[in-house]
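Shown next, in structure tokens, is the structure this report addresses.
Values in this text are rule-based calculations from the coordinates and carry no lab data. No experiment lies behind these values; they were computed from the predicted model shown. So basically every Cβ, Gly included, is an ideal-geometry build from the backbone, and we count neighbours across all protein chains shown.
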Amino acid sequence: MKKEKFLSELRSKLKGLPKDDLESRISFYEEAINDRISCGKSEEEAVADLGSIDQIVEEIADQTPYFTLVKEKNKLRKKLSVATIILLILGFPLWFPLAITGLVLILVLYLVIWILVLVPGIACVGSLGFGVTCFIAMFANMAIGDPWILYLGASIGSIGVGLMLIPASVYAVIGFVKLSKLLFIRRKTKLIKREEK
Amino acid sequence: MDPQLRRGLLDVCVLSAIKDQDSYGYKIIKDLDPVLKLSESTLYTILKRLEDGGLLTVRVTMFMGRVRKYYHITSSGLARLGQFKSEWKELMEVYKYIEGKQ
């Protein structure tokens, strides 16, 4: 790919960045290509050296704070007209409860997701707890001369299940955190590329 | 590696690369290449952070009819390198202790 094509494509995919940040990044890449050419590389080689454009955009998305991108996106919005403002004030009793409901719904959804992620962990703690309780109960039964072997069985079984659930709980949480991070970067990449309406 | 630790190490590496002589983007990447691979976007972020923190200054020069930016380490940048070295010595003592216990 030629330098000019690379730079214009990169620029078009970084539209969501603040203008001065965008310009200084583009000139940084331009200089990087020129320096490689000065070192004896061909234009195509120099461009290829920098990696694919999508990869670069994703890296920049990862390094740019979410807040910066949202703020930049909001700059696109038109200013509210007087009529809209009056309507907003008059409609306050209607939209305010709706907004609160929406917020609560999002919060609940978030909680539910976390509870699902934590289910193996809760089951693990429960099994271990039950196993230990059975183990203690076994001695109590021994002391009063009741059959205790059942308690030993339940205790071993329960602790076994609990131990087996430990890796599952850890992987569930790690996996979820990784997935959240991935989705977050993807969301930021979209904001930078200005892919959505 | 812990992201915080990695970030600190990257900063110090880039500062070391410009310590003896002012340098420019591609040269920094080439100089650091045997120790660590830096992408252009990572280097950009580090340089920006160091510039904002006053650890280096940027000088724009003309080179073969085009712009080239040179990075120059400031006294705070040098102080940062010194601080890193003394901290690292402490860390090495801890490391030796841990290693001895293995």
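Brief remarks follow.
- Reported to the nearest whole Å, the Cα centre-to-centre distance from segment A:1-80 to segment A:147-197 is 36.
- Protection proxy ranking for A:25-31, A:3-9, using the average of other Cβ atoms within 10 Å per residue and placing the highest first: A:25-31, A:3-9.
- Shielding of peptide A:17-24 by partners, expressed as the average count of other chain Cβ atoms within 10 Å per residue Cβ, is 1.
- Straight-line reach from residue A:5: taking Cα to Cα under 17 Å and skipping same-chain neighbours fewer than 8 places apart, the aspartates and glutamates in range are A:23, A:30, A:31, A:43, A:44, A:45, A:49, A:54.
- Helix A:92-144 vs. chain A, principal-axis angle (Cα, 0 to 90°, nearest 10): 30
- Taking every residue in A:28-36 and counting other chain Cβ atoms within 10 Å of its Cβ, the average works out to 6.
- Residue B:86-residue B:2 FRET efficiency (beta carbon distance; Förster radius 22 Å; 0.05 resolution): 0.60
- Unit Cα scatterers, Debye sum, chain B: log10 I(q)/I(0) for q = 0.11, 0.17, 0.18, 0.19 Å⁻¹: -0.39, -0.81, -0.89, -0.97
- Rel. contact order, % - alpha carbon contacts under 8 angstrom, at least six apart, segment B:44-102: 24
- Neighbouring Cβ atoms from other chains, within 10 Å of the Cβ of residues in A:50-60, number 2 on average.
- Backbone amide hydrogens, once placed in the peptide plane, bring residue A:16 within less than 5 Å of A:193, A:194, excluding anything fewer than 5 places away on its chain.
- In chain A, taking the dipole from charged Cβ atoms about the Cα centre, the farthest positive-side position among A:129, A:7, A:180 is held by A:7.
- Along its three principal directions, the equivalent ellipsoid of segment A:110-193 from the Cα gyration tensor extends over semi-axes of 44, 10, 6 Å, largest first.
- Estimated [θ] at 222 nm from DSSP helical runs (n ≥ 4, -39500 (n - 2.57)) normalised by residues in the protein assembly as shown, nearest 500: -26000 deg cm²/dmol
- Using C-alpha pairs below 8 Å separated by at least 6 residues, the relative contact order for segment A:1-116 is 29 percent.
- Normalised by the number of residues in chain B, the mean separation of alpha-carbon contacts (under 8 Å, six or more apart) gives a relative contact order of 27 percent.
- Taking max minus min of the alpha-carbon positions on each principal axis, the protein assembly as shown gives extents of 98, 72, 38 Å, largest first.
- Cross-link partners of residue B:37 among lysines, defined as those whose alpha carbon lies under 16 angstrom from its own and excluding same-chain residues fewer than eight positions apart: B:27.
- Nearby lysines by direct alpha-carbon distance to residue A:2 (threshold 20 angstrom, same-chain neighbours under 8 apart not counted): A:13, A:41
- In a simple Cβ point-charge model (Lys, Arg +1; Asp, Glu -1; nothing else charged), segment A:3-74 has a dipole of about 320 debye relative to its Cα centre.
- Burial ordering of B:13, A:134, fewest other beta-carbon atoms within 10 Å first: B:13, A:134
- Relative packing of peptides A:45-54, B:91-100, A:68-77 - highest average C-beta neighbours within 10 Å first: A:45-54, A:68-77, B:91-100
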